[in-house]
Amino acid sequence: MKTKEKNTKENNRRPDRNRTPRKKPQTEFASLGLNPKVLSRLEKLGYEKPSPIQREFIPIALTGRDVTGQAQTGTGKTAAFGLPILEQMDLRLPSLQALILTPTRELSEQVANELERLGPNNLKLAVLVGGRPIRKQIQTLEQGAQIVVGTPGRVIDLLFRKELKLEEIKFVVLDEADRMLDIGFRPDIEKIMKRCPTERQTLLLSATMSDEVERLAKRFMNEPARVDLSEKDVANKSIRQYYISVDPDRKITLLARLLLQERPQQVLVFTRTKRGAEKLHKAFNKKLKNIAMIHGDLPQQKRDRVIKDFRSGKTRMLIATDVVGRGIDISGISHIINYDVPEFCDDYVHRIGRAGRLSSVDTGQAFTFVTREQGSQLTEIEKRINMLLDEYELKDFSSLRPRPPKNY
Ligand code: AMP
């Protein structure tokens, strides 16, 4: 027989030894800005870490911005566009909020299956594809769908029959845009897009970014950010890359001196950790105007505002951690400073690559602070980008204290 335990302070404090501690879903997905419910669903699905397209695409799409992404089927692209939509849509509303167009029936069904797995149990989905009885699809629409996945032909058909209404659409996805164009869906896409509200987020996925796909993006998207995983060639970027040797305890002074010497128009400073970002923000916040900080622990609204202010130029110095920093797709950044050497070489590529590609200035500059112990990490980065970084010298300032004599 079970005895009822008294709810005393003592009992509350005592750890329950028989229970295995519940693992918090603290995966790399968490740092992309997804909510805990989604994270535990991903954990159940066994998605341990985001695929490269997910890592890049999700943080940007979560800001509500239009995004084009170059990715093939099988790379996890459905979750890349699906998760930000599920995160942003109002799941309590029964209205149709998202429209996903794909070139084939199979792909529509595959996408719908994946969204079903990623979304909550009560998510209402309709698959509208040719070659299947239209009556059943009409019934599904009548019962209310929050997301429609379909092929352009059948979607048009149902639009013209007034069975499908797109007035409340907030998200449109053009999946495998290049294949949709190959199949000759362009006129249908045009007609469908014209019926969607202009206030919406449009996401476009394509294996290739041909001129025709670019034209489609230009016509239906609002200054889309571009996620291009084929981009690896950082060395060819028109960006000057330097390293500066520094003693760990002189890094803040070095940053202050560097800013004084360079007087950057806008600067993005990367730290490895959230705490590091906070510490740096605290150190500069009083001295400098127009400075901000962003990391994964900030609420989404705040992050949106920080990004918006940086994009508009109101903020001149932004301190960011890697994962969030990847979502910062803003033109006009003249200076990137790696206050901490990135933990992974790929992060270096992302940090610099992002700024170089999106920079509206012809050349950007990137500085990496390296302590004596981090020499080998610098070498790894140089191997990765196949280029040696130049050492940067500051006028009348040494970022290194002289070494004590050998026999000291
Ligand atoms: P997709 O490219 O969206 O068609 O996805 C290809 C397959 O990879 C699907 O079966 C997904 O369920 C699976 N998948 C997507 N993202 C992940 C992830 N992060 N980890 C493990 N499996 C994934």
Enumerate the pairs (first residue in the stretch 365-384 and among the aromatic types (Phe, Trp, Tyr); second residue anywhere and surrounded by fewer than 18 Cβ atoms within 10 Å (Cβ to Cβ)) with beta-carbon separation below 9 Å, excluding pairs fewer than 6 apart on the same chain, so at least 6 apart or on different chains.
Phe367/Tyr242; Phe367/Glu262; Phe369/Ser245
If Pro84 passes every condition in (1) crowded, with 21+ Cβ neighbours inside 10 Å; (2) near the ligand (Cβ under 8 Å from one of its atoms) but one, which one does it miss?
(2)
Against the definition (in the same structural domain as Met180 (by TED's automatic domain parsing), in a loop (DSSP other than H, G, I, E, B) and within 9 Å of the ligand (Cβ to nearest atom)), how does Glu114 come out, yes or no?
no
Taking Val127, is it without any contact (Cβ under 8 Å) to a residue 60 or more places away in the chain, out of contact with any Lys or Arg (no Cβ under 8 Å at 6 or more places or on another chain), more than 26 Å from Phe29 (Cα to Cα) and β-branched (Val, Ile, Thr)?
yes
Subset of the stretch 59-81, residues touching a Gly at 6+ places or on another chain (Cβ under 8 Å) and within 15 Å of the ligand (Cβ to nearest atom), comes to Pro59, Lys77, Ala80, Phe81
Restricting to the stretch 175-200, name every residue that is within 17 Å of Lys165 (Cα to Cα) and either in contact (Cβ under 8 Å) with a residue 24 or more places away in the chain or not β-branched (Val, Ile, Thr) (or both).
Asp188, Ile189, Glu190, Lys191, Ile192, Met193, Lys194, Arg195, Cys196, Pro197, Glu199, Arg200
Unmet requirement for Thr27, which otherwise passes all of (1) modelled with pLDDT under 85; (2) over 22 Å from Lys77 (Cβ atoms):
(2)
Matching residues in the stretch 167-216 (out of contact with any Asp or Glu (no Cβ under 7 Å at 6 or more places or on another chain) and assigned to a helix (DSSP H, G or I)) number 20
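For (1) open to solvent by 30 Å² or more (accessible area, probe 1.4 Å); (2) part of a loop (DSSP other than H, G, I, E, B); (3) at pLDDT 90 or above; (4) within 22 Å of Val370 (Cα to Cα), each residue gets a yes or a no:
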{"residue": "Val269", "(1), (2), (3), (4)": "no, no, yes, yes"}
{"residue": "Arg275", "(1), (2), (3), (4)": "yes, no, yes, yes"}
{"residue": "His281", "(1), (2), (3), (4)": "yes, no, yes, yes"}
{"residue": "Gly296", "(1), (2), (3), (4)": "no, yes, no, no"}
{"residue": "Gln301", "(1), (2), (3), (4)": "yes, no, no, no"}
{"residue": "Val306", "(1), (2), (3), (4)": "no, no, no, no"}
{"residue": "Lys314", "(1), (2), (3), (4)": "yes, yes, yes, no"}
Residue under question is Leu99, and the condition is that it be open to solvent by 10 Å² or more (accessible area, probe 1.4 Å), at pLDDT 90 or above, outside any helix (DSSP H, G or I) and more than 14 Å from the ligand (Cβ to nearest atom); does it hold?
no
Looking only at residues that are in contact (Cβ under 8 Å) with a residue 12 or more places away in the chain and in a helix (DSSP H, G or I) in the stretch 283-294, which one is least open to solvent (accessible area, probe 1.4 Å)?
Phe284
Give the residues of the stretch 32-77 that are part of a helix (DSSP H, G or I) and either under 10 Å from the mean Cα position of the chain (by Cα) or not assigned by TED's automatic domain parsing to the domain that holds Glu106 (or both), sorted by residue number.
Leu32, Ile53, Gln54, Arg55, Glu56, Phe57, Ile58, Pro59, Ile60, Ala61
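The values are calculated or read from the model by the stated rules, or taken from the named source; none is laboratory data. Being a predicted model, the structure only gives us computed values, none of them experimental. Neighbour counts run over all protein chains shown; Cβ positions are idealised from the backbone, glycine included. Remember, those area values only see protein heavy atoms, side chains included, never the ligands or the DNA or RNA. Shrake-Rupley method; radii C 1.70, N 1.55, O 1.52, S 1.80 Å.
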